[in-house]
Each structure stands twice: as C-alpha cells, then as structure tokens.
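To keep things clear, I will list the structure first and then write my remarks on it.
The values are calculated or read from the model by the stated rules, or taken from the named source; none is laboratory data. A quick note: this is a predicted structure, and the numbers were derived from the prediction, not measured. Methodologically, a virtual Cβ is constructed for each residue, glycine included, from the backbone with ideal geometry; neighbour enumeration extends over all protein chains shown. Each accessible area value is taken on the protein alone, full model and side chains, heavy atoms only, with ligands, DNA and RNA left out. Shrake-Rupley method; radii C 1.70, N 1.55, O 1.52, S 1.80 Å.
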Amino acid sequence: RREARGHGGEGRGRAGGHPGERQATADAAREEKMIRRCNPTLLWALLALMTDVPLCSPHPVPTNPGFYEERTARGWCGPQREGGEALPGMDDRDCRKRVPPLFERAFTCPVSFASVDRSLFSAPTSNVSEVGFDTEELTELKLPPGAKAAVIIVRRLRDGTGYVVRHLGRNSSEPIEPWSSSKVLAASHAGFRLRGVSDRLSLEAWEGGRRHRELSDLLTIVASYDTTQNYTSNSIGGYYQAIGGHQDADDFVHNVIGAPMGESFGGNYGERPPPGLGYNFTSDSHVYIADAIWPDPTPSPPISNSMSHATMAHWLRRIVMAREDAQGKREEAHGQEGEERVPFPWGDSESILYGAEESEMFPGLQWGGMSMSSDVYLQSSLNMTSMDHQAQGLWRIFSKFGFGLSSIRNRYEVVLNGYMCLPRLADGSGAGLEAFISASVPDYSHDNGANADAKMQAVSSALVEHLLHRYY
C-alpha cells in the first residue's frame, strides 16, 4: 500500500478512424464475446460446473457462497497483511468487508426520485472546471485538521430523463498527492489510449507477455493488493501509465476531465512495471493478431500526480455513470490530435469496477476490481445489516484508497475515492442515497499509520452520516 513519490513519461502513438465505425467495431467484438459465453464450448461448460459461475447471466445471480472464505485464504484481509501490521480501515484487518448477496456486472443503481430541488441539483457537465461546489454545507462537520473532501450526490429522475447532481466541497479544489487511489484512473486512461491504437482494444484486452494476462484481471490486484500472482499493485499501476503514456495522462486530465492547470497526472507508483507483462495486445485470448505499442518511459523531469478531490470525484463519476452520460452519443476528446473517441465506454467501466468477467488468475471470482478494494472505510460507516435489508441486496460500494509517508511534508497521508449506491426499496419509496466521495487526511504521528487510518475512518464516517441524514 505504501509507494514512493511517482514518476511519469511521454505518450506515444495514436490511431485515426471514424469514431462511429470504430465504436461499432468495438461493440461487435463485445457482442461476439457474449455469444461465445452464452453458447460455451465443452471446456467452458466444465469450468462453469466446477466454479458454480454461470457463463451467461443477464440477470442478478447469487454471490458465490465461498466468497468470504476465499478472500481470507487469498490474504486480501486479516491481521497478517502488511507483514503483520494490518490496519482496520485500509487493510480490513478484521475481515469485515461485505459484498451484496446478488451479483450483476450490468447493475444500475435503482435509487430514483420523482422530483428534485432544482435550486440544489443541476445537470451534470463533462468539464470539472465548469462545476460549482457548495463550500458551506460541509463546514458544519467536525473533521480532523487538514481533512479535505469533495462529494457528488446523484439524483436519477424517475421519468427517465437522466440524472442531476449536487456538488459539496471542503477545500476540494486544492491539489493533493493521490497516492495509490489514482491507479484506477491510470487504468481508465490506459483504456482510452488502447482504443486510440485499435478499435478492437479496451481494458478487456490481453497482453502478449509471458503469462498472457487480461488487463481487467490485473485491476483486481491493484485494488485488493493480492500477492499470490507474483505481481504488486504498485508495479501494475506503473504498467497502466506505461501503456497510456505519462504525458498523455496529463493531457487527458486537462483536456477531457477539465482539471485546471495547477493539477497534473502522469506519475508512477514507486515500482517499475512488471518485466513479464507485454505491450502487444489482442482483443481476446482466442485471437492471435496483436496490436503493439511502445512502452512509455518515465520522463525527465518526472510528472507528479497532483489532483484535487473535485477532479478525482468527477473522474470517478464519469466512469460509473458512463452509460447514463453516453446515451448513444459520442464525445470529442479535445486536444488529442483532433481525434474523437469515447473517453468512458461502459466496457472499461465494468473492468474497473468488477475486474475480469472471466478471471483466469482468480477462477470463479465475481467481485473484483474496485468492488474488492482492501479498505472498508465507507462500509464501516454503515449499519450493513439494516442497509442490506432496506436495499434488498441491490446495493454497491466501490472504492480505492491511497496511503503513503511523504518525506517532503513529513507526514502520513490517506486518500479515498469511492462510490455508494444505497437504495431504499423495502419501504417502497425507491429513493435512497447515491453519491461519490473523494477525501484525504494527513497525520504527523511517527507510528505505522494507525492514527492516519483512524482519522480517515473518522472523515468517512462524518461524511456518510451527514449524507444519510440529509439525502437518504
């Protein structure tokens, strides 16, 4: 979980092509994959029987009953994490993490409202610099010194006309070092870069190295800090930056996300990319025609990772709400040599949120990616039994935290980017809470990070309790 100050590099290579044609090609490849899954070969059918995972499940299916035992066995929680220095919030020392009883990758949050207060909520925008944050509401919260936060509350409209948002901020425009919380954003940009290389590629692509891994499968290692596959979360974060290009990542955060010039993104995570992972990619494990890119080296001087909570919360919203934002339209990624690409296709969102659809590294795993982040900050702020009953199993929590000891600022820092969908279905209202949270807190104690961990638990609890009280 700890990483040194990052370094970055210069992007290479772009591809042209009409965006409509290229998206149609990508959609066709995805449909072909689904057809194969729904009409499996004998080998895949036997795999399904052994793992109890349906190969084609258009509707929610029960979470695998052995999930919690397998998670403990893989070392994704428990007191022995981090060499026996596991912390309760960021490492789930007590194995408290829970996932919904029903699994569905195509899940859409069922929270909706017949009407909204238009003086508080407004239509979403694609440019974070155009967003107006209410900087007063969160000042009433008692947060630890130095805490910063951005909150985006979502209201889906029951008449089917889309959704509206409300933005709350507490020092939310001040850039901070995001540490490992930004690795999933590096993956998001890597997917964008790959689609510029070939219509066939996405985060569902397979790399052509020694072990032929699916990029979406690696996202589960990024979030869970798995150590059983001889990779590290930090090295894979750097791998995504090498794919996407360090300077290209910085261009993306300004030209697509809309971050102001005082922010930057393009740094690594303290480790070199794994040498066994390749840079020629195929759209499927059964395809042998690869598209190659040059791995982007770390530039000199390096590009630092320095983003505000407003930017990170906005970026995560673009990932989770990709289907709602697209609505069949195509967006122009300005500044990318005039190219028009879809910055946030739902296929990449699924990979970031859930990991691989058919994991080879973790056979039978349903809940991967951000659903399997090792932290339990947001969950610990909730009464999970009551919430699960009210949601009738149809809830979601996605998160990715970052943690590090800054030698420059001489302090520990914890960062959290997360999403919650907490519907109220049992009472028949159909309302509830859907929100994005990006927050950080520093701590100057000279311990193993325990005080910083406790402070982030206090920050997340205060934010969640406020949102539940006012918006649930």
| query | Do we find a residue being open to solvent by less than 30 Å² (accessible area, probe 1.4 Å) and touching a residue at least 60 places away in the same chain (Cβ under 8 Å) anywhere in the range 118-125? | reply | no
| task | Tell me which residues, restricted to the range 197-216, are crowded, with 24+ Cβ neighbours inside 10 Å and part of a helix (DSSP H, G or I). | result | L215, S216
| query | Would it be correct to say that E137 is closer than 18 Å to M420 by Cβ and either open to solvent by less than 20 Å² (accessible area, probe 1.4 Å) or out of contact with any Asp or Glu (no Cβ under 9 Å at 6 or more places or on another chain) (or both)? | reply | yes
| task | Scan the range 455-471 and give yes if some residue there is open to solvent by 30 Å² or more (accessible area, probe 1.4 Å), in contact with a Gly (Cβ under 7 Å, 6 or more places away or on another chain) and either of a type outside the set (K, R) or at pLDDT below 95 (or both), otherwise no. | result | yes
| Among the residues of the range 166-196, which ones are in a loop (DSSP other than H, G, I, E, B) and either crowded, with 24+ Cβ neighbours inside 10 Å or within 20 Å of the chain's Cα centre (by Cα) (or both)? | S172, P175, E177, P178
| request: Inspect the range 236-248 for any residue being among the acidic types (D, E), in contact with a Lys or Arg (Cβ under 7 Å, 6 or more places away or on another chain) and more than 23 Å from Q366 (Cβ to Cβ) and give the result as yes or no. | output: yes
| field | Residue check for L143: more than 22 Å from the chain's Cα centre (by Cα), surrounded by 17 or more Cβ atoms within 10 Å (Cβ to Cβ) and under 22 Å from Y472 (Cβ atoms) | value | yes
| Pairs with Cβ under 6 Å, 6+ apart, first in the range 433-445 and under 14 Å from S308 (Cα atoms), second of a type in the set (V, I, T) and open to solvent by 10 Å² or more (accessible area, probe 1.4 Å) | S440/I176
| Would you pick out the residues in the range 392-424 that are over 19 Å from A450 (Cα atoms) and open to solvent by 40 Å² or more (accessible area, probe 1.4 Å)? | Q392, L394, I408, R424
| query | Given the structure, is A249 open to solvent by less than 20 Å² (accessible area, probe 1.4 Å), more than 20 Å from R195 (Cβ to Cβ), touching a helix residue (DSSP H, G or I) at 6+ places or on another chain (Cβ under 7 Å) and touching a residue at least 24 places away in the same chain (Cβ under 8 Å)? | reply | no
| query | Can we say R211 is at pLDDT below 95, basic (K, R) and more than 27 Å from L422 (Cβ to Cβ)? | reply | yes
| message | Out of the residues in the range 217-246 meeting the condition of being more than 20 Å from S300 (Cβ to Cβ) and not in a helix (DSSP H, G or I), tell me which one is least open to solvent (accessible area, probe 1.4 Å). | response | D226
| field | Among the candidates E69, E130, E82, residue that is without any contact (Cβ under 8 Å) to a residue 60 or more places away in the chain and charged (D, E, K, R) | value | E69
| note | Among A73, A114, the single one that is under 16 Å from M372 (Cα atoms), open to solvent by 60 Å² or more (accessible area, probe 1.4 Å) and out of contact with any Gly (no Cβ under 6 Å at 6 or more places or on another chain) is A73
